[in-house]
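Colleague: Here it is, the structure, as C-alpha cells.
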Amino acid sequence: MLSSCIRQVRYQSSLAAPFTQVASVNQAAKVKQIIENTQYGKQLISGAPEELSVSGNRLVRIYKETQYATQNGDRNTKFWKLEWDILGKGNRWENDLTGYQGTADYMQATRMDFSEKEEAIRFAESNGWDYYLIEPKTKKFKKKDYSANFYHSRGPLKSIFTK
C-alpha cells in the first residue's frame with residue numbers, strides 16, 4: 001500500500017513541468033530600480049524596515065579579539081572582526097515564556113571575519129556604513145629570570161606569610 005503511494009507520487013512529480021522562470025519581469029524591474037536608487041549600488045531586498053537596513057547609516061565596529069585568559073591558543077587573535085552595533089530604538093523584547101531576549105535587528109548577531117584590517121575597512125566603506133576601529137593593545141614582555149628570586153637586597157628581611 002505504502003510503496004504504491006510512493007511510486008504514484010514519484011510518477012506524478014516526474015510529469016510536472018520544470019519551473020524555468022526565476023522572477024517575473026515586474027520583479028526584475030523593481031530590483032533594478034532599487035539598485036539604481038541606492039548610493040553604493042548595494043541594498044538588501046528583504047522587505048525589512050529602512051531603519052534596520054544595512055545600507056543605511058549603520059555603525060559597525062572593527063576590532064581584533066584578545067587572547068582568552070583561560071587558554072593558551074591564539075587562533076581568535078588572528079582575524080579582524082566586523083560587528084554591527086545594537087540599535088537604540090527599542091527593537092528588543094523579552095519572551096514571556098522562556099525569558100530570552102529577542103530582537104527585530106537581523107544584523108545584530110552577525111559577525112564577519114577578515115584577515116586584514118584594511119579589508120574590513122574597505123568592506124564597510126563600500127557598503128556605506130559608518131565604522132569605528134579598535135586597535136589591539138600590544139603586549140609588553142619583561143624578561144624574567146628564575147635567579148631574580150634569589151637576588152640579595154639590602155635592608156630588612158622580606159618575610160612571606162602563608163596563612
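Colleague: Go through the range 66-97 and report how many residues are farther than 30 Å from G128 by Cβ, part of a helix (DSSP H, G or I) and touching a strand residue (DSSP E or B) at 6+ places or on another chain (Cβ under 8 Å).
Modeller: Quick first cut of the range 66-97, residues farther than 30 Å from G128 by Cβ only: 67-75, 94-97.
Remaining after also requiring part of a helix (DSSP H, G or I): 75.
So of that shortlist, the ones also touching a strand residue (DSSP E or B) at 6+ places or on another chain (Cβ under 8 Å) come out as none.
Residues in the range 66-97 being farther than 30 Å from G128 by Cβ, part of a helix (DSSP H, G or I) and touching a strand residue (DSSP E or B) at 6+ places or on another chain (Cβ under 8 Å): 0 in total.
Colleague: Now for a different question. Tally the residues that are among the small types (G, A, S), assigned to a helix (DSSP H, G or I) and surrounded by fewer than 16 Cβ atoms within 10 Å (Cβ to Cβ), restricting the search to the range 98-137. Talk me through it step by step, then tell me what you get.
Modeller: Here is the first cut: in the range 98-137, the residues among the small types (G, A, S) are 99, 102, 104, 109, 115, 120, 124, 126, 128.
Remaining after also requiring assigned to a helix (DSSP H, G or I): 120, 124, 126.
When the remaining residues are screened for being surrounded by fewer than 16 Cβ atoms within 10 Å (Cβ to Cβ), the result is 126.
Residues flagged as among the small types (G, A, S), assigned to a helix (DSSP H, G or I) and surrounded by fewer than 16 Cβ atoms within 10 Å (Cβ to Cβ) within the range 98-137 amount to 1.
Colleague: If you don't mind, another one. Any chance the range 97-107 includes a residue that's aliphatic (A, V, I, L, M), within 12 Å of the chain's Cα centre (by Cα) and at pLDDT below 85?
Modeller: yes
Colleague: To continue, here is another question. If you check every pair at least six apart or on different chains, which have Cβ atoms under 7 Å apart with a residue in the range 126-155 that is at negative phi first and a residue that is of a type in the set (A, V, I, L, M) and at pLDDT below 85 second?
Modeller: Hits for this filter: N127/V54.
The values are calculated or read from the model by the stated rules, or taken from the named source; none is laboratory data. All values reported here derive from a predicted model rather than from experimental measurement. Because the Cβ atoms are built from the backbone with ideal geometry, glycine has one as well, and the counts that use them run over all protein chains shown.
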